[in-house]
1. Could you please find all residues in region 154-168 being under 18 Å from ARG221 (Cβ atoms) and either within 16 Å of the ligand (Cβ to nearest atom) or surrounded by fewer than 19 Cβ atoms within 10 Å (Cβ to Cβ) (or both)?
2. Before we move on, is ALA387 open to solvent by 10 Å² or more (accessible area, probe 1.4 Å) and either more than 23 Å from ILE266 (Cα to Cα) or within 15 Å of the ligand (Cβ to nearest atom) (or both)?
3. Taking region 330-351 as the search range and keeping residues that are over 19 Å from ALA304 (Cβ atoms) and open to solvent by 40 Å² or more (accessible area, probe 1.4 Å), which one is farthest from the ligand (Cβ to nearest atom)?
4. Quick check on region 9-25. Is at least one of its residues within 25 Å of ASN175 (Cα to Cα) and either at pLDDT 95 or above or buried (at least 23 other Cβ atoms within 10 Å of the Cβ) (or both)?
5. Say whether the condition of being more than 13 Å from the ligand (Cβ to nearest atom), surrounded by fewer than 22 Cβ atoms within 10 Å (Cβ to Cβ) and in a loop (DSSP other than H, G, I, E, B) is met by at least one residue in region 184-193.
6. Name the single residue, out of those in region 129-150 being free of Cβ contacts under 8 Å to residues at least 40 places away in the same chain and touching a Phe, Trp or Tyr at 6+ places or on another chain (Cβ under 9 Å), that is most open to solvent (accessible area, probe 1.4 Å).
7. Considering only region 204-213, I want to know if a residue exists there that is surrounded by fewer than 22 Cβ atoms within 10 Å (Cβ to Cβ), away from the ligand (no atom under 12 Å from the Cβ), among the polar types (S, T, N, Q) and within 26 Å of SER28 (Cα to Cα).
Amino acid sequence: MAQEEGRLDYLEIEGGRPLSGQVCIQGSKNAALPILSAAILHGGRSVLHHCPRIRDVEEMVKILKELGCRTGWEGETLWVDASSLDSFVISKKHAEKMRCSITLLGSLLGRLGQACISYPGGCVIGERPIDLHLEGLRQLGVSFRSGEEQLEARCKKLIGTRVTLGFPSVGATENLILAAVLARGNTWILGAAQEPEILELCGFLTAMGAKISGAGSPTIRITGVEKLHDAEYTIASDRIVAGTYLMAAAACGGEAVLLKAPVKHIQGMFPVLRQMGVELFREPGVLVVRGPERCRSVPQIHTAPYPGFPTDMQSPLMAALCRAQGVSRLTETIFEARFKIVEELRAMGAQIQVEEHTAVITGTTELAGCCVKARELRGGAALCIAAASAQGVTRICGCEYIFRGYENIIRDLKKLGIVIKYHQPGIEGLGVPS
Ligand code: EPZ
């Protein structure tokens, strides 16, 4: 197989085997990132257990250090000492690498009353504007100056008020919470995101002494406090990583045991999985999943804000449906360009037609391994699922996208019985992403 020019490392998966094994689910990327932003709200120490050692967290750690914080790892525990924070500027090289840096706006404004941040990059899944963030922060008293490449924000004092979000944006909800916890008076966020990551962020902030109610509902109330204090928090398991492995069971069949699965946060996906013929059994701290030899199609499903079907699970579901019996219709309603893996799946023999924001997938058992390319995080993970369910060997380039959110997908898929190798130049065989 010709190797994509310029790409040196790749994953190699030999498909066609049912799952068999058990895996422990890592901490949640999308909880850890806003929590790390919250850690700078207090000039002291935060200790985060079950923190995923993924590239996006490493990127966030670099930003916190650039702001003057000190951090360190002890196994899966990450500590942050923000007492030495001495800057409010986030450089372009970091901000453009990771969107979640935008939530540092709220925490820098809360801590220092000012922030200077490069515009976070869009990415292949969509343009990803920040208008809801800015509009909400303006209502809390923030003024902005947009430079060529940087956004400057400042406020004399954040004043609590009622803010209504036109769309339940996860990031905008997080930014407003981060700005409101030290504001004067009460803030209500109406039309707030209800994702579990909002509950996680508010759980950590409450541990720091913040006064928040309604997290996980469309209306969140924050009563500003004078100061916060040191906190220790255990981050919930990653619902999208767990969901990815459930979709692998649907695609490949066999049985898998998920330890530390965040069942409360993923049970909304169970009806879809059961519709596909997947069986799920819960035991204390353990989720057992059994996939059929060939899963059934899902006639119609669309992504939606929580508690709807997560947009981050759309690509993994698509990969599983490629081999289903029957025709499925999968509509993406959150991001405008989240069908990037369709052409890669077609190269493997998948039969997918795209009509506007709906993918029509006609399942086939004729999926065959070939060389494919990941272009973003969840699409990359989905290609691993498709490769594991296809006949033959698949080579996946662009695997650095996958390492942004999966602590060690090679280790995890190997534990689930999938034949997978990570090839790095000069390190043949089962390399492990650094
Ligand atoms: C978070 O992104 C997650 N990222 C995403 O996960 C996830 O897909 C998304 O929420 C939706 O659940 C993190 O938590 C780090 P949004 P976020 O603001 O906050 C539009 C992954 O794979 N919008 O809820 O950026 C936006 O364009 C990543 O882990 C505006 O129009 O998502 C999009 O269409 C991918 N204006 C929709 O809202 C704004 O000001 C949802 O975006 C903000 C958002």
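The values are calculated or read from the model by the stated rules, or taken from the named source; none is laboratory data. The model shown is predicted, which means the values in this text are computed figures rather than measured ones. Glycine gets a Cβ as well: all are built from the backbone with ideal geometry, and neighbour counts include every protein chain shown. All accessible areas refer to the heavy atoms of the entire protein, side chains included, with ligands and DNA or RNA removed. Shrake-Rupley method; radii C 1.70, N 1.55, O 1.52, S 1.80 Å.
1. ILE159, THR161, ARG162, VAL163, THR164, LEU165, PRO168
2. The answer is no for ALA387.
3. Checked region 330-351; the qualifying residue farthest from the ligand (Cβ to nearest atom) is GLN351.
4. First, the residues of region 9-25 that are within 25 Å of ASN175 (Cα to Cα): none.
No.
5. Yes, the conditions are met somewhere in region 184-193.
6. If we take residues in region 129-150 being free of Cβ contacts under 8 Å to residues at least 40 places away in the same chain and touching a Phe, Trp or Tyr at 6+ places or on another chain (Cβ under 9 Å), then ARG138 is most open to solvent (accessible area, probe 1.4 Å).
7. Checked region 204-213: at least one residue is surrounded by fewer than 22 Cβ atoms within 10 Å (Cβ to Cβ), away from the ligand (no atom under 12 Å from the Cβ), among the polar types (S, T, N, Q) and within 26 Å of SER28 (Cα to Cα).
For every residue, the table says whether it meets (1) over 20 Å from GLY43 (Cα atoms); (2) open to solvent by 30 Å² or more (accessible area, probe 1.4 Å); (3) in contact (Cβ under 8 Å) with a residue 40 or more places away in the chain.
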position	(1), (2), (3)
ILE90	no, no, no
LYS93	yes, yes, no
CYS100	yes, no, yes
THR103	no, no, yes
ARG111	no, yes, yes
ALA115	no, no, no
TYR119	yes, yes, no
